[in-house]
Amino acid sequence: MSPPPPPGGPNAHGGGVRTVDGGAAGKKVLFRTSTAGPVDLALGPKNPLVMFAALWEVSRKSHSLSGGGTGSGLFKSTDGGDSWTELTRNAGLPKGTIGKIGVAVAGADSNRVYAIVEAEDGGIFRSEDAGATWARVTDRRRLRPPTFCQPRNYPTPADRTARDLRKP
């Protein structure tokens, strides 16, 4: 058994791990770099095999937190997490360096997905086609990560607006 990684350092053991036996054993199914790890996961309420996951490249030291980079990204699985497709650069999402991402699937419409993305041209984004394309619904800086702000999963009605995303 290898020693644990140093606190705040890279960790090749990280990433998304899937278990089918209540946690007795796990299989790494989503890994990008030793400095990025899962930060959010959302399941499709009408089909739990559809999942969206966000990875965040971050480094925490005793005196600083540095987040964002090539390890950050948004991913989708349609087979319960066995395989993943990257959505990070799909049409409508930010083009530059990506930081922390939060994701939610609407309860009323599993094709409607929300993502809150930390980036220079970030904000809250909505997809009406299960992540294939995106549109920014607000770019308000106070709503962006790395705060603990997450999009909300509203089961009804299906047509919530960007203003409704700010309500608790």
Check your understanding: Going through the stretch 54-100 one residue at a time, which ones are aliphatic (A, V, I, L, M), at pLDDT 95 or above and assigned to a loop (DSSP other than H, G, I, E, B)?
Key -> LEU87, ALA91, LEU93
Point to revise | Residues of the stretch 17-62 satisfying the condition of being surrounded by fewer than 12 Cβ atoms within 10 Å (Cβ to Cβ) and under 25 Å from ALA119 (Cβ atoms) | key: LYS61
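The values are calculated or read from the model by the stated rules, or taken from the named source; none is laboratory data. For clarity, every value in this text was computed on a predicted model and none was experimentally measured. Neighbour counts are summed over all protein chains in view; Cβ atoms, including those assigned to glycine, are modelled from backbone coordinates with ideal geometry.
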